[in-house]
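Structure first, then comments.
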Amino acid sequence: LAQGRFAWSWTRPIHARGVEAMQRPGRQSIRSVQDSLTSSADPTLLTEVPRKNYEATISELLRDLHSQLSHHHRGLLASSRAFLPDIVAEAINNNELGADRLIVKRCNGAVVFSDASGFTALTERLALYSNGAELLSKCLNKFFTPLIDMLTAYRGDVIKFSGDALTILFAANGDSEAFLHACGSPCCSHAPLELACLRASACCIEIHKRLHNFHTGEGDVRLTLHIGVGAGPVTILQVGGDQMRYEYVIAGEPLSQIAIAEPLAGSGETVLSPQCWAHVKHTVIEGARIESNPDFHRLKALDISKHTYPTIKQAAQQSARTPPEEILEDEELERRLTACMRFIPRSVLKQFRTGSLRGINEMRTVSIIFVQVQGVDVASDDGALKGRALMAGMQGICYSEEGSLNKFLVDDKGLLFLFVFGLPPLVHIDDPARAVRACLEMSNLMVQMELVGRIGVTTGRVYCGMVGSNTRREYTVMGDTVNLSARLMANAVANTVLVDETTFKRCGGEFPFLRLHPIRVKGKENQISIYRPILQRDPTSPRSSAGPDPLVAETIEAQREKKFVYFKVKRASTGREVNVRLPWPPKSVLLGGKSPLTQIKHWSCLKTVHSSASECLSKGGTALVITGPRGSGKEELVESVLKHYVDEGMIPIFGTMQMRSVEVLSAARDVIGQLLALLHRDPGESRNTLTAGDELKQLLAKEALSDDEADALSVFTG
């Protein structure tokens, strides 16, 4: 069916059903597709197959369909395997990685952090071209393919991509015990961790020899590498689970070591931590002394009287125990495919299922969030549980605003989250505002969990796409906007958010901001303008501070708080005046706005709306819904109706909501809150001594409310 081979023998209903099944791999099992076709088949639907051969033809079609689906799923499994490190894929293959499992593996090993310089300049240069994403993708593949091939040849396992940087694990896997000369030299033997450090050192030497000053083919832009290596016990964890989206992360002492070693390495250099140096100092040659930190050591070369990097690489390849290719049953194939897919970002999943990953690379304007969290050691048992709870909370906040989780990392300063707003298919015109709103909620979550966090938000044009090779790759974002977000995060005060000027402007007055004094950050010649979004309960707000904040230059109120419009209405029952505020900035000149639409007497829409409103009132009250495309004057029409009936003594009650799933009941909550406020202002309306909240609680006790409805109204009923 996928290739149209059997279209001649089926009419449209069955053919369409088979195609739909083929387009939804992982959602419908091979067996269920067979059962579906068999149960729906009817001899009257066959067009060219003789009735006496009906059963034989059905069996042949099902066998061929089974073969096609199996082949398709095996291809998907092979493709999904490239998104996972070997250590995670092995746990999936052994059925050791259930959805509720936290610790994937604990082991000793050497950890390499390889950072490439030059990609930001390359990204900014190619962003100016109409085919910039395609050109950058080719440069990335041309650089990372030989790099990953070399790492794999030395038994390195690429754990994480961090933009243009890689984190690689050389596990102490026991090759030295299983093979007599696992290092390639017959004159020595090594302990497992010692062999891992030796392989990592030899690999770094070859990488510099082959890829230092790598020519990208784009002008004079060249790429260089600087590498840090650490050694010790590591832990691989699986966290997440919201909407079946999981992340794996590596933690342990070597991560703290490489955070010091990598910045000490210059262009084309490798620096080893003291722990790693202790295992290889008798087999390598040290480079120039590091005066600023003499405990760390530059790696110059191998001692060729004992080892050479070609012999170490050849021995590593020979000791690699590659399992024979498995013939998987349908159920096992689908189990592995489902397990692999939960680690693939949602923005990639649709293209992955349809085999269209080549078209996923693009230059796109997005909002980037970097979050740093201190106070959680995920390498410990208690810290791992706290990290899982934190990830669940952060995922929930991000997904409620329809953003995407791109990365979860561990470094010497704590946990790092990278969120992206504006990736397809979840693209919105107000993505910057959604990002800032999510950040404020994330900050509150960290305070509730008694953690210290810092957040940076930027908006701009970045590369969104694949990085890596066909054997190991990830979906990532790269560019100056991404780097600036990380710089803002590093400069933020504890439990606050810093945003750049672009994000501030595109929030459209959604939040009040503090304009802080400009700062200098790495990679920028001039000072940059920064802003801090605040909430009324924000302890850093100048309204609640004991004294002025020296970092604050100006307080910028949200537009909706800056342009209040109040309706003064006299209640007929008591004669008292009631002030009701319009919850959005006025648009029409009737209420102080700039739009003259309501002054056009022959505007047909205006006449229709007022006529419909009068008809609604004559029927004792009903719903009047005003819809239309953006910019058609809906707000002006509403303001005209409001002004007309306020002048007649009616009191408007407003309920507003954003286009977000978490605010489904917010409009109703606003209406009830304003009604209760009116009752509270005029206790004469109440016939007993109960408070308005108690009266509401009694009324609600008679209703069958869902859990969501009860939670939304609990703010009034306690």
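The values are calculated or read from the model by the stated rules, or taken from the named source; none is laboratory data. The structure presented is a predicted model; accordingly, all values stated were derived computationally and were not measured. No Cβ is skipped: glycine too gets one built from the backbone with ideal geometry, and neighbour counts run over all protein chains shown. Side chains included, ligands, DNA and RNA excluded: accessible areas come from the protein's heavy atoms. Shrake-Rupley method; radii C 1.70, N 1.55, O 1.52, S 1.80 Å.
If you go through the stretch 387-397 one residue at a time, do you hit one that is in contact with a Pro (Cβ under 9 Å, 6 or more places away or on another chain), within 30 Å of Ile103 (Cβ to Cβ) and either surrounded by fewer than 22 Cβ atoms within 10 Å (Cβ to Cβ) or in contact (Cβ under 8 Å) with a residue 40 or more places away in the chain (or both)? The answer is no; no qualifying residue exists. Filter the stretch 617-642 down to the residues that are in a loop (DSSP other than H, G, I, E, B) and of a type in the set (Ser, Thr, Tyr), then identify the one that is surrounded by the most Cβ atoms within 10 Å (Cβ to Cβ). Filtering the stretch 617-642 for residues that are in a loop (DSSP other than H, G, I, E, B) and of a type in the set (Ser, Thr, Tyr), the one surrounded by the most Cβ atoms within 10 Å (Cβ to Cβ) comes out as Ser632. Considering (1) open to solvent by less than 30 Å² (accessible area, probe 1.4 Å); (2) of a type in the set (Gly, Ala, Ser); (3) out of contact with any strand residue (DSSP E or B) (no Cβ under 9 Å at 6 or more places or on another chain), the lone condition that Gly156 does not fulfil carries the number (3). The residues of the stretch 175-198 that are among the small types (Gly, Ala, Ser) and closer than 20 Å to Ile250 by Cα amount to a single one, Ala196.
Note on the stretch 57-73: among residues that are of a type in the set (Ser, Thr, Tyr) and within 25 Å of Phe352 (Cβ to Cβ), the one that is most open to solvent (accessible area, probe 1.4 Å) is Ser67. Out of Glu474, Glu441, one residue alone is open to solvent by 50 Å² or more (accessible area, probe 1.4 Å) and either charged (D, E, K, R) or more than 20 Å from Ala121 (Cβ to Cβ) (or both). It is Glu441.
Residue pairs whose Cβ atoms lie under 8 Å apart, sitting 6 or more positions apart in sequence or on different chains, and linking a residue in the stretch 80-109 that is under 16 Å from Val158 (Cα atoms) to a partner that is surrounded by fewer than 17 Cβ atoms within 10 Å (Cβ to Cβ) and among the polar types (S, T, N, Q), are Ala82/Asn470; Ala82/Thr471. Scanning the stretch 485-527 for residues that are within 24 Å of the chain's Cα centre (by Cα), more than 19 Å from Gly414 (Cβ to Cβ) and touching a residue at least 60 places away in the same chain (Cβ under 8 Å) gives Val499, Thr502, Thr503, Arg506, Cys507, Gly508, Glu510, Phe511. Counting only helices (runs of 4 or more DSSP H) that sit wholly inside the stretch 304-369, those with at least 3 residues that are of a type outside the set (Lys, Arg) and at pLDDT 85 or above are 309-319, 330-341. Note on the stretch 172-277: enclosed helices (runs of 4 or more DSSP H) holding 1 or more residues that are within 30 Å of Ser404 (Cα to Cα) and either polar (S, T, N, Q) or open to solvent by 10 Å² or more (accessible area, probe 1.4 Å) (or both) are 253-264. Among residues of the stretch 575-607 being in a loop (DSSP other than H, G, I, E, B) and in contact with a helix residue (DSSP H, G or I) (Cβ under 6 Å, 6 or more places away or on another chain), the one that is least open to solvent (accessible area, probe 1.4 Å) is Pro585. Look at (1) open to solvent by 20 Å² or more (accessible area, probe 1.4 Å); (2) over 28 Å from Gly184 (Cβ atoms) and you find that Asp86 fails only one, number (2).
For the stretch 126-162, the tally of residues that are outside any helix (DSSP H, G or I), out of contact with any Gly (no Cβ under 9 Å at 6 or more places or on another chain) and over 23 Å from Gly109 (Cα atoms) stands at 4. For the stretch 129-140, the criterion of being buried (at least 23 other Cβ atoms within 10 Å of the Cβ) and under 28 Å from the mean Cα position of the chain (by Cα) is met by at least one residue.
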